[in-house]
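Chemist: Take this structure first; my questions come after.
The values are calculated or read from the model by the stated rules, or taken from the named source; none is laboratory data. What you see is a predicted model, and the numbers here were worked out from it, not measured in a lab. Please note: Cβ atoms are built from the backbone with ideal geometry, for glycine as well, and neighbour counts cover all protein chains shown. Keep in mind that these areas ignore ligands, DNA and RNA; they rest on the heavy atoms of the full protein, side chains included. Shrake-Rupley method; radii C 1.70, N 1.55, O 1.52, S 1.80 Å.
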Amino acid sequence: MELWFTEKHTKQVSFSMKVDKQLVSVQGDYQRIDVLKTPEFGRVLVLDGYLMVTEKDEFIYHEMISHVPMAVNPNIKKVLVIGAGDGGTIRELTRYASIELIDMVEIDKKVVEVCKEYLPTTACKLDDERVHIYYEDGLKFVRTKENEYDLIIVDSTDPFGPGEGLFTKEFYGNCYKALKEDGILINQHESPYYEDDAKVMERAHRQIKSTFPISKVYQMHIPTYPSGHWFFGFASKTLDPVKDLKAKEWNEKQIKTRYYNTDLHVGAFAIPNYVKELLNEE
Ligand code: SAM
């Protein structure tokens with residue numbers, strides 16, 4: 001008998017992968033958590049039936065969410081990461097000796113427990129002494145912070161269920177307040193290709209743009225996400241992601257990456273015309 005995992009990308013489009021074995025299936029505080037073993041993508045984390053991370057392509061997502069801001073501001077010392085229970089973003093950030101503190105706010109403790117046991121590829125640095133994990137809602141956590149962080153990374157689920165509040169104007173306003181003068185906000189920005197994802201992307205960009213003086217989006221190819229064409233947002237009070245890129249400084253650190261490099265950094269911000277149109281950036 002063959003086992004397959006299928007995620008609906010739209011009402012008319014599905015994406016399927018063959019499964020060798022379901023390694024674990026538990027109910028967390030906010031969502032059902034599954035880890036599957038697959039022949040093509042390695043281990044795969046699924047929350048409430050939605051694919052979050054695969055061992056085969058997670059490097060693209062995690063390198064792009066962390067190295068882009070670190071190459072723009074090499075003086076980042078204090079970081080807030082919201083969501084990120086699989087640990088992949090933390091793994092990349094801990095490669096910088098210059099980072100002194102990482103506050104990680106994950107709403108569902110069970111995701112972290114499951115990932116530590118079944119997804120060591122991404123969860124391997126969650127015990128780094130600079131990492132402080134808070135099990136609470138990122139929306140509430142950030143309300144009380146002012147002028148504290150050099151970088152905020154929102155590595156969340158999609159905007160329904162617990163992730164919903166992380167796509168609101170109130171949240172972006174609180175991130176602005178929590179960031180220092182040269183602070184950077186990176187957020188999971190969905191995709192422009194399918195209609196429902198495009199609506200979320202357009203709304204998030206509009207809200208961030210009305211909050212931060214600099215607000216750009218950048219793209220990458222994630223084979224297992226809907227359409228494969230995915231975006232993150234880069235917002236800041238003072239730093240431009242391309243003009244202020246410190247390419248030489250970043251390359252001197254000799255951080256070995258599989259996807260990110262400083263040429264690709266510049267190219268990732270050159271976005272297709274239909275996306276410019278969607279975001280009113282023509
Ligand atoms: N790479 C993933 C993706 O975009 O598909 C995201 C991965 S990570 C597992 C997302 C995490 O965000 C989940 O573990 C979830 O529990 C957490 N999360 C969702 N809403 C949250 C909130 N309001 N505050 C803190 N964490 C939240």
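Chemist: When the residues of region 96-106 are narrowed to those that are assigned to a strand (DSSP E or B) and under 18 Å from the mean Cα position of the chain (by Cα), which ends up farthest from the ligand (Cβ to nearest atom)? Break it down into steps so the answer makes sense when it comes.
Modeler: Just the residues of region 96-106 that are assigned to a strand (DSSP E or B), to begin with: 101-105.
Subsequent filtering for residues that are under 18 Å from the mean Cα position of the chain (by Cα) retains 102-105.
Values: Ile102: 14, Asp103: 12, Met104: 9, Val105: 5 Å.
The residue in question is Ile102.
Chemist: When you look at Val35, is it β-branched (Val, Ile, Thr), modelled with pLDDT of 95 or more and not assigned by TED's automatic domain parsing to the domain that holds His265, yes or no?
Modeler: yes
Chemist: What about Thr238, is it under 19 Å from Met70 (Cα atoms), in a loop (DSSP other than H, G, I, E, B) and out of contact with any helix residue (DSSP H, G or I) (no Cβ under 6 Å at 6 or more places or on another chain)? Break it down into steps so the answer makes sense when it comes.
Modeler: Numbers: under 19 Å from Met70 (Cα atoms): yes; in a loop (DSSP other than H, G, I, E, B): yes; out of contact with any helix residue (DSSP H, G or I) (no Cβ under 6 Å at 6 or more places or on another chain): yes.
The answer is yes for Thr238.
Chemist: Here are the criteria: (1) crowded, with 19+ Cβ neighbours inside 10 Å; (2) within 20 Å of Phe232 (Cα to Cα); (3) over 16 Å from the mean Cα position of the chain (by Cα). Tell me which single one Gln31 does not satisfy.
Modeler: Tallying (1) crowded, with 19+ Cβ neighbours inside 10 Å; (2) within 20 Å of Phe232 (Cα to Cα); (3) over 16 Å from the mean Cα position of the chain (by Cα), Gln31 fails exactly one: (2).
Chemist: Residue check, Ser191 against (1) polar (S, T, N, Q); (2) within 18 Å of the chain's Cα centre (by Cα); (3) away from the ligand (no atom under 11 Å from the Cβ), all met but one. Which one?
Modeler: (3)
Chemist: Please give the helices (runs of 4 or more DSSP H) falling wholly within region 107-174 in which 2 or more residues are among the polar types (S, T, N, Q) and surrounded by 15 or more Cβ atoms within 10 Å (Cβ to Cβ). Working first, answer last.
Modeler: Numbers: elements: 109-118, 120-123, 138-143.
Ranges flagged: 120-123.
Results for (1) open to solvent by less than 10 Å² (accessible area, probe 1.4 Å); (2) assigned to a loop (DSSP other than H, G, I, E, B); (3) within 14 Å of the ligand (Cβ to nearest atom), shown as yes or no for each residue.
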position	(1), (2), (3)
Val24	no, no, no
Glu40	no, yes, no
Val46	yes, no, yes
Pro74	no, yes, no
Leu80	yes, no, yes
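Chemist: Do you know which residues across region 153-174 are under 19 Å from Lys216 (Cα atoms), of a type in the set (Gly, Ala, Ser) and within 15 Å of the ligand (Cβ to nearest atom)?
Modeler: Ser156
Chemist: Inside region 89-146, can you point out the residues that are of a type in the set (Gly, Ala, Ser) and over 27 Å from Arg258 (Cα atoms)?
Modeler: The one that is of a type in the set (Gly, Ala, Ser) and over 27 Å from Arg258 (Cα atoms): Gly138.
Chemist: I need the full set of residues from region 230-249 which are within 27 Å of Thr54 (Cα to Cα) and either aromatic (Phe, Trp, Tyr) or open to solvent by 40 Å² or more (accessible area, probe 1.4 Å) (or both), in order please.
Modeler: Listed by number, the residues that qualify are Trp230, Phe231, Phe232, Phe234.
Chemist: Could you check how many residues of region 243-282 are aromatic (Phe, Trp, Tyr) and touching an Asp or Glu at 6+ places or on another chain (Cβ under 9 Å)? Full working, then the answer.
Modeler: So the first thing to find is which residues in region 243-282 are aromatic (Phe, Trp, Tyr), and the list is 250, 259-260, 269, 274.
Restricting the remaining residues to those that are touching an Asp or Glu at 6+ places or on another chain (Cβ under 9 Å) gives 259-260.
Total satisfying the criteria: 2.
Chemist: Is one or more of the residues making up region 175-188 assigned to a strand (DSSP E or B), near the ligand (Cβ under 9 Å from one of its atoms) and not hydrophobic (A, V, I, L, M, F, W, C)?
Modeler: So the first thing to find is which residues in region 175-188 are assigned to a strand (DSSP E or B), and the list is 179-188.
Next cut, near the ligand (Cβ under 9 Å from one of its atoms) only: 188.
Those still in the list that are not hydrophobic (A, V, I, L, M, F, W, C) too: 188.
Checked against the condition, which is being assigned to a strand (DSSP E or B), near the ligand (Cβ under 9 Å from one of its atoms) and not hydrophobic (A, V, I, L, M, F, W, C), region 175-188 yields at least one hit.
Chemist: Okay, moving on. What tally of residues in region 185-199 results from selecting those that are farther than 17 Å from Ile271 by Cα and of a type in the set (Asp, Glu)?
Modeler: Final tally of qualifying residues: 2.
Chemist: Next up: Checking the condition in a helix (DSSP H, G or I), under 23 Å from Ile90 (Cα atoms) and at pLDDT 95 or above, which residue from Trp250, Trp230 passes? Give the derivation first.
Modeler: Details: Trp230 fails: in a helix (DSSP H, G or I).
That would be Trp250, the only listed residue that is in a helix (DSSP H, G or I), under 23 Å from Ile90 (Cα atoms) and at pLDDT 95 or above.
Chemist: Here is a further query. What number of residues within region 219-237 are in contact (Cβ under 8 Å) with a residue 60 or more places away in the chain and farther than 27 Å from Tyr176 by Cα?
Modeler: 7
Chemist: Test of understanding: among Leu80, Leu126, Leu179, Leu93, which residue is more than 15 Å from Met52 (Cβ to Cβ) and in contact with an Asp or Glu (Cβ under 6 Å, 6 or more places away or on another chain)? Steps first, answer last, please.
Modeler: Details: Leu126 fails: in contact with an Asp or Glu (Cβ under 6 Å, 6 or more places away or on another chain); Leu179 fails: in contact with an Asp or Glu (Cβ under 6 Å, 6 or more places away or on another chain); Leu93 fails: in contact with an Asp or Glu (Cβ under 6 Å, 6 or more places away or on another chain).
Answer to the selection: Leu80.
Chemist: If I ask for residues that are of a type outside the set (Val, Ile, Thr) and free of Cβ contacts under 8 Å to residues at least 60 places away in the same chain, which ones from region 97-110 would you list?
Modeler: First, pick out the residues of region 97-110 that are of a type outside the set (Val, Ile, Thr): 97-98, 100-101, 103-104, 106, 108-110.
Ala97, Ser98, Glu100, Leu101, Asp103, Met104, Glu106, listed by residue number.
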